[in-house]
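Presented below is the structure to which this report refers.
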Amino acid sequence: MSATDTAIAPPGAQPSEVVRVHVPPRSFRSELRAMRIVWRRDLIRFANDRVRIATTLVQPLLFLFVLGSGLQQISRAGTHGVDLKTFIYPGIICLAVMFTAMFSAASIVWDREFGFLREMLVAPVSRSSIVIGKCLGGATVASVQGVILICLAGAVHVPYDPVLILGIFGLQLLLAFSITAFGVMVAARITQMQSFMGVMQMIVMPMFFLAGALFPVTNLPGWLTVLNRIDPLTYAVDPMRRLVFDHLDVSAAAHKALAPGVSWWGWQVPGLLEAGVVLALGLLMLAIAIWEFSASD
């Protein structure tokens, strides 16, 4: 019986049967299923968008092969015989991962504009599961882009050593998760895509250039040293670069000049601690993003 029929029904008529909606109680299994669905949605969108796959690789490849080859002649004296493309290779991987992770987080703004985000938020699952699934999906997509650049290691004279490849993959996976969590945190308070892209450009490019992706972190001016040390991306680029140089046949002088490691007051920060910093920042951004979504209407 329709709503109209109910309104004109004569007095004393039997009311229509009410359909009961049963919402199953939340459980750990249902939350995992929600995370998996959000994660899988990001992967399906990425796999179906071949233009996005190609365009997000254009800028890293330009930096790596065009900029690296073009500046090789004037930088030869400072690289101690090391190819400039080899030196900037870890930074370019971080660049590719960072941009892809940010674009994955940007889809939250699109979902909000088209109303799909509200549909997810009213689902009978916790909002933390949605945020975690989104972060895992963005990290997976960004890591796939990073794997494409890892496959190009031989083109920049980086050996295909299993330990090196696994180390690079692990570091870029941590970076992808942290950057996606940061993007989700920012997207939670932005309602327009133009605003989100403006904020990302204002944050991402300074992070990339200050992280030492294109230059050594030794003998920098004092103000640049401070900015480099407080840049979170520094602690992803530096251990990745040190890992690469540990597997290269270069002189001790080249290793000391190009991959000396980040130090605070003369104390060199271990690579594992740098990776822990990236992970800790990612978990902090994730916690803030969960709080923001839980507090939103």
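The values are calculated or read from the model by the stated rules, or taken from the named source; none is laboratory data. From a predicted model like this one, the values you see are computed outputs, not experimental measurements. Positions of Cβ are backbone-derived with ideal geometry, glycine not excepted, and every protein chain shown enters the neighbour counts. Side chains included, ligands, DNA and RNA excluded: accessible areas come from the protein's heavy atoms. Shrake-Rupley method; radii C 1.70, N 1.55, O 1.52, S 1.80 Å.
Observations, loosely collected:
- Working note: Karplus 6.51/-1.76/1.60 with θ = phi - 60° gives segment 184-197 the couplings 5, 4, 5, 5, 5, 10, 10, 10, 10, 5, 4, 5, 5, 5 Hz, where Gly and Pro are set to x.
- Residue-averaged [θ]222 nm for the chain, counting only DSSP H segments that reach four residues, each worth -39500 (n - 2.57): -22500 deg cm²/dmol
- Extension gain from L272 to K256, taking 0.36 nm per residue of separation minus the Cα-Cα distance: 3.9 nm
- Nonlocal amide H pairs with S263, under 5 Å, H built at 1.01 Å: V269
- Solvent-accessible area per residue in segment 31-125 equals 50 Å², computed with a 1.4 angstrom probe and all protein chains kept.
- Long-range tail of P(r) for the chain (Cα pairs > 23 Å, %): 59
- Charge dipole magnitude, Cβ of K and R +1, D and E -1 - segment 74-146, Cα centre, debye nearest 20: 120
- When both segment 199-243 and segment 173-196 are represented by their alpha-carbon centers, they are found 20 Å apart.
- Near A176, once Lys and Arg are set to +1 and Asp and Glu to -1 for all other residues with Cβ below 14 Å from its Cβ, the sum equals 0.
- For segment 81-111, applying the loop criterion from DSSP together with a ceiling of 14 other beta carbons within 10 Å to the chymotrypsin sites (Phe, Trp or Tyr not before Pro) yields no site.
- Of L62, G261, L283, farthest towards positive along the dipole that unit charges on Lys, Arg, Asp, Glu beta carbons give the chain: L283
- The HN-Hα couplings worked out from phi for segment 52-68 by the Karplus form 6.51 cos²θ - 1.76 cosθ + 1.60 (θ = phi - 60°) are 5, 4, 6, 5, 6, 8, 5, 5, x, 5, 5, 4, 6, 9, 7, 5, x Hz, whole numbers, x standing for Gly and Pro.
- Rolling a 1.4 Å probe over the protein heavy atoms gives segment 168-297 an accessible area of 46 Å² per residue.
- Extension gain, S263 to F209, is 17.6 nm, computed as 0.36 nm per intervening residue step minus the present C-alpha separation.
- Full-stretch length increase - S30, F114 - with 0.36 nm per residue and alpha-carbon distance subtracted: 27.7 nm
- Within the accessible surface of segment 117-197, defined with a 1.4 Å probe on protein heavy atoms only, the carbon and sulfur portion equals 72 percent.
- Over the chain, Cα pairs under 8 Å with separation of 6+ residues give a relative contact order of 23 percent.
- Placing unit charges on the Cβ atoms only, positive for Lys and Arg and negative for Asp and Glu, gives segment 31-88 a dipole magnitude near 300 debye about its Cα centre.
- Scattering curve values for segment 160-230, log₁₀ I(q)/I(0), Debye with Cα scatterers, q = 0.22, 0.28 Å⁻¹: -1.03, -1.15
- Working from Cα pairs under 8 Å separated by at least six residues, relative contact order for segment 185-281 is 26 percent.
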